[in-house]
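The values are calculated or read from the model by the stated rules, or taken from the named source; none is laboratory data. Fair warning: this is a prediction, and the values are worked out from it, not measured in the lab. Neighbour counts are summed over all protein chains in view; Cβ atoms, including those assigned to glycine, are modelled from backbone coordinates with ideal geometry. Each accessible area value is taken on the protein alone, full model and side chains, heavy atoms only, with ligands, DNA and RNA left out. Shrake-Rupley method; radii C 1.70, N 1.55, O 1.52, S 1.80 Å.
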Amino acid sequence: MNTPPASHPAVFLDRDGVLITDSGYPHLEEHLVLIPGAADAVRRLNSLGYLVVIVTNQSGVARGLFSEERMHAFNDLLVRRLAAQGGRITAVYACPYHHEAEDPRWLHPDHPDRKPNPGMILRAIADHDIDAARSFLIGDRQSDLEAARRAGMPGFLFEGGDLDRFVRDLLGG
């Protein structure tokens with residue numbers, strides 16, 4: 001009798017306002033300021049067996065504030081910074097689409113990936129064999145929590161402070 005491979009629990013994290021300070025369309029190295037406890041939180045989640053996936057709306061691309069390449073470079077820098085402190089990010093999903101895009105390539109009235117839609121979460125679940133029933137999201141906006149709800153998992157509102165303390169309290173110690 002073949003048993004399917006075990007799927008993984010995951011924690012989905014919004015980027016701006018959860019992992020890094022939301023300075024308004026951060027995209028340059030000098031904009032990358034980790035939230036207190038961010039690396040510790042990712043490391044804690046990793047040690048508990050969670051995959052950690054970043055899901056982030058990035059309308060700055062659609063608005064012409066920076067390129068798609070700059071967005072990817074910034075996200076890669078964030079992943080490297082967290083890794084340098086022992087935190088492992090499994091994947092980053094970013095949605096550059098927006099209904100008021102300046103660049104027509106990114107114009108979409110309601111893209112399935114743009115939170116509150118759950119597209120990025122659902123793609124990550126499929127791509128990384130994630131068990132949604134054992135997963136959750138941490139975001140700093142109601143649209144993040146709505147995306148989690150639509151993906152069939154709980155979402156928790158992070159209103160600032162120390163992310164590791166928030167995660168520790170959330171997981172009960």
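Residue count for the range 33-69, restricted to those that are part of a loop (DSSP other than H, G, I, E, B), under 22 Å from A124 (Cβ atoms) and of a type in the set (A, V, I, L, M, F, W, C): 2. Residue pairs whose Cβ atoms lie under 7 Å apart, sitting 6 or more positions apart in sequence or on different chains, and linking a residue in the range 43-62 that is in contact (Cβ under 8 Å) with a residue 40 or more places away in the chain to a partner that is open to solvent by 40 Å² or more (accessible area, probe 1.4 Å) and among the aromatic types (F, W, Y), are A62/Y97.
Any chance the range 56-70 includes a residue that's at pLDDT 95 or above, out of contact with any Lys or Arg (no Cβ under 8 Å at 6 or more places or on another chain), under 27 Å from D169 (Cα atoms) and of a type outside the set (D, E, K, R)? No - not one qualifying residue is present in the range 56-70.
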